[in-house]
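What follows is calculated from the coordinates using simple rules that are stated; it is not laboratory data. Note that the structure is a prediction, hence the values are computed from the model and not measured. Every residue, glycine among them, receives a Cβ derived from its backbone with ideal geometry; neighbour counts consider all protein chains shown.
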Amino acid sequence: MGTFHKDKGELHGVTVVVDTKGPKVFIGRCWEEDAEKIVLLDADEFEDGKNGHSKEEYIREAAKVGVWKKHDRIIVPRVVVASVTRLGEISPA
């Protein structure tokens with residue numbers, strides 16, 4: 001199945017995990033991506049160590065039960081991005 005917005009990037013419309021080089025990780029529906037940024041819609045964010053949980057634990061739980069939207073839109077600068085992965089490719093907890 002293709003996208004109607006080819007200029008938005010191959011992940012347009014896909015729920016992705018954007019892990020950063022720092023303590024934060026974001027999960028949301030990819031709206032667009034380019035060399036400067038990734039824009040997520042209906043997104044959640046998590047900081048490593050929050051409530052005693054690691055980023056990996058949070059991501060695996062999200063793969064199992066989904067995420068609760070905290071933000072309508074998040075813009076993640078590419079310079080802080082460590083990786084971008086489709087949530088569907090993550091093994092659940």
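Things to note:
- Between E47 and E61, the distance separating the two model label sites (each 7 Å from Cα on the Cα→Cβ line) works out to 1.6 nm.
- Two-site label geometry, S54 and H71: point separation in nm, points 7 Å out along Cα→Cβ: 2.4 nm
- Note on the chain: GNM, Cα springs under 10 Å; of K70, K50, K24, the largest mean-square fluctuation is that of K50.
- Backbone N atoms of region 50-93 closer than 12 Å to the 7 Å Cα→Cβ label point of V14 belong to residues 84-90.
- Exposed-loop-free span, longest in the chain, where chymotrypsin sites (Phe, Trp or Tyr not before Pro) count as exposed if DSSP calls them loop and at most 15 other C-beta atoms lie within 10 Å: 5-67
- Hits among aspartates and glutamates - C-alpha to C-alpha of K24 under 14 Å, sequence gap 8 or more where chains match: D44, E45, E47, D48, E56, E57
- Choice from E32, E56, E45 showing the highest fluctuation, given a GNM over the chain with Cα pairs closer than 10 Å: E56
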